[in-house]
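Enquirer: Got a structure for you, questions after.
The values are calculated or read from the model by the stated rules, or taken from the named source; none is laboratory data. Predicted model, so just to flag it, every value in this text is computed and none were measured. A quick note on method: Cβ atoms are made from the backbone with ideal geometry, for glycine too, and the neighbour counts reach across all protein chains shown. Accessible surface is based on the protein model in full, side chains and every heavy atom, while ligands, DNA and RNA are left aside. Shrake-Rupley method; radii C 1.70, N 1.55, O 1.52, S 1.80 Å.
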Amino acid sequence: MSIFRFKRFEVINEKSAMKVNTDGVLLGASMTLTPTDRRLLDIGTGTGTIALMAAQRLSALSDVTSDLPGWPVISPDSGGTGHKICINAVDIDEASATEAAVNFANSPWPDILVARHASLDEYASSDEGREYDLIFSNPPYFEESLNAPELRRNNARHTSTGLSYREILDFASSRLSDEGRVSLVLPSETEAALCRHARMDGLHLFRIIRVKTVPRKEPSRIIAEFSRRRTDAVKEETLIIQNEGKYTEMYLSLMHDFYLFA
């Protein structure tokens, strides 16, 4: 069995259409989370890794009490008491949703993580119009590339057959709470189109991380975060993963709570 081991949880990495990958882990470690976040949604969860990272990070934040009927309470041994939160995770691929559910059940936070097999449209019609404090996704992006040879992987990675960031932004525009955010990891070349579509949906960029594999190369990925509120100045950051054959201090610091090597 293929298992990816993090510091506080393990991920069965066998049946999901998309395996544990650097893009997803970067998003899970760096996306903005606040102590008041209650309702979160992971769109295209795959193995459930990003949702698990969100659960770990939320459990480490200062305790905040809330009274939200129908939402599970974070388990006492995970770092918080009386902090009612729920992280819903949805995937169109049945095997992926099933594997994510197993990974959630085996984690320290089984009471706050819920995996569902559904398309975004199916999920949207069944979630009773709930609002979310954070919507996050590592969506498909090979829009103009050759199709991947394997159908399930193709559905997971190509917008022509599956989910697109546009659909996620459209959904988020009607489902974010007043202070809610949407966080996405995408290739850097999508930045202009992504921000343009977000503005059409009434969402405004407030933070962007440009990811470089090494200092001399141009950014290959962006982690872009949007909210309903305009900001006077977008927070712009650069993350370099390696330099001279070694992980950079900024990357090691980001991954310290998750990767065993850090």
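Enquirer: For LYS7, go through the aspartates and glutamates and keep the ones whose alpha-carbon is under 14 Å away, minus same-chain ones fewer than eight residues off.
Expert: Cα-Cα hits under 14 Å: ASP257.
Enquirer: What is region 158-262's relative contact order, in percent, from Cα pairs under 8 angstrom and six or more apart in sequence?
Expert: Rounded, it is 24 percent for region 158-262.
Enquirer: Then there's this: Under a 1.4 angstrom probe, counting protein chains only, how are TYR247, TYR132, TYR259 ranked by accessible area, largest first?
Expert: TYR247, TYR259, TYR132
Enquirer: Would you give the gap between the C-alpha center of region 1-41 and the C-alpha center of region 108-142, rounded to a whole Å?
Expert: 14 Å
Enquirer: Compare the peptides 206-216, 51-61 by average per-residue count of other Cβ atoms within 10 angstrom and give them in order, highest first.
Expert: The densest-packed peptide leads the list: 51-61, 206-216.
Enquirer: Here is a further query. How far apart, in nanometres, would the label points at GLU179 and GLU249 be if each is projected 7 angstrom from Cα along the Cα-to-Cβ direction?
Expert: Label at GLU179, label at GLU249, 3.3 nm between them.
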